[in-house]
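Below you'll find the structure, written out as structure tokens, and then a few comments.
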Ligand SMILES: [Cu+2]
């Protein structure tokens, strides 16, 4: 299956390339490319067709969240390894379902973003809400929240994990949260966008902010 994906990616990439460029096989001039075939001006070797990092699409770097070993539970009480999201553009926010203040608005912001993404791009998109209150936010509770907010189908995913994994994940997102009463947390309001390899590429802080840049970023990454 992986090989199949690679081949189809390759074919697509090649078709998408408007022009072919050429590069010295010895990289005498670093990453320099030429518009026409010929020989390298340094080593005189025949230039090769240059293929931009096609192979890297399925590889993850040290910066990827897919290096995190944490396993989460979704609103259907299924185990979800973070890595299973790989290959999708992931839009993520941390919330807790009993929040009466910011979280309903963050959920609304997520929905506003999702509404601006054309159906075709949603094939490679996941909109993920991660609970900062896993103790209260059982899968049943997440399910109820998902249904009530019409977020119980693709591309929506609700996740809860252990306290430690949640803390670790929040650190990656630079999200701060703190319990301020038995039922309430104070927390950052940040929507984060990850590319298909799990690298954090864009963040927007605030409530009811303009989503144009976020949407454009998602579209760029999804295509
Ligand atoms: Cu909240």
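Some points to look at:
- Against the test of being away from the ligand (no atom under 14 Å from the Cβ) and farther than 19 Å from residue 111 by Cα, the options 194, 169 yield a single qualifying residue, 169.
- Restricting the range 130-153 to residues that are within 19 Å of residue 89 (Cα to Cα) and buried (at least 16 other Cβ atoms within 10 Å of the Cβ), the residue that is nearest to the chain's Cα centre (by Cα): 130
- Of all residues in the range 104-123, those satisfying the criterion of being closer than 19 Å to residue 183 by Cα and touching a residue at least 60 places away in the same chain (Cβ under 8 Å) are 105, 106.
- Lone unmet requirement of (1) farther than 14 Å from residue 160 by Cα; (2) assigned to a loop (DSSP other than H, G, I, E, B); (3) modelled with pLDDT of 95 or more for residue 60: (3)
- Residue 69 vs. criteria assigned by TED's automatic domain parsing to the domain that holds residue 204, without any contact (Cβ under 8 Å) to a residue 40 or more places away in the chain, under 21 Å from residue 207 (Cβ atoms) and surrounded by fewer than 17 Cβ atoms within 10 Å (Cβ to Cβ): no
- When the range 135-165 is filtered for residues that are in contact with a helix residue (DSSP H, G or I) (Cβ under 6 Å, 6 or more places away or on another chain) and assigned to a loop (DSSP other than H, G, I, E, B), the ones remaining, listed by number, are 149, 152, 155.
- Summed over the range 179-194, the residues that are in a strand (DSSP E or B) and under 17 Å from residue 93 (Cβ atoms) give a count of 8.
- Selection status of residue 127, assigned by TED's automatic domain parsing to the domain that holds residue 197, part of a helix (DSSP H, G or I), buried (at least 19 other Cβ atoms within 10 Å of the Cβ) and more than 12 Å from the ligand (Cβ to nearest atom): no
- Total residues in the range 88-109, condition more than 13 Å from residue 156 (Cα to Cα), modelled with pLDDT of 95 or more and part of a loop (DSSP other than H, G, I, E, B): 4
The values are calculated or read from the model by the stated rules, or taken from the named source; none is laboratory data. Everything quoted here is computed from the prediction, not taken from an experiment. Here Cβ is always computed from backbone atoms with ideal geometry, including for glycine, and neighbour counts include all displayed protein chains.
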